[in-house]
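First up is the structure itself, then whatever we jot down about it.
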Amino acid sequence: MNHWNNIKEYAGVILIMLGTLTLATTRISSLASSNTLLVIGFMLVVAGIGVHIWSIKHESKY
């Protein structure tokens, strides 16, 4: 079960990386007109930031 705790610790960073890759893919492959992919990438980054902040606050003793 320790393996799942490691994944939970880095879930925010993983979401940010996935969002960044999605946004980079739309830019590189000339799919910038695809609003769906742009919104998905943006939402992944925003969700990743939120999860990362939550995990830091959840970890803190204060």
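If I take R0 = 30 Å and measure r between the Cβ atoms of S55 and T25 in this structure, what FRET efficiency does the formula 1/(1 + (r/R0)^6) give, to the nearest 0.05?
Efficiency, from the Cβ-Cβ distance: 0.70.
At 0.36 nm per residue, minus the direct Cα-Cα distance, what do Y10 and S34 gain on full extension? Give it in nm, one decimal, please.
Values: separation 24, 0.36 × 24 = 8.64 nm, distance 2.88 nm.
Extra length from Y10 to S34 when fully extended: 5.8 nm.
Here is the list for segment 9-62: trypsin sites (Lys or Arg not before Pro) lying in DSSP coil, each with at most 13 other C-beta atoms within 10 angstrom of its C-beta, are K61.
Values quoted throughout were computed directly from the atomic coordinates according to the rules given, and no laboratory measurement underlies them. In this text the structure is predicted, and so the values were computed from the model without any measurement. Heads up, the Cβs are rebuilt from the backbone with ideal geometry, glycines too, and the neighbour counts pull from every protein chain shown.
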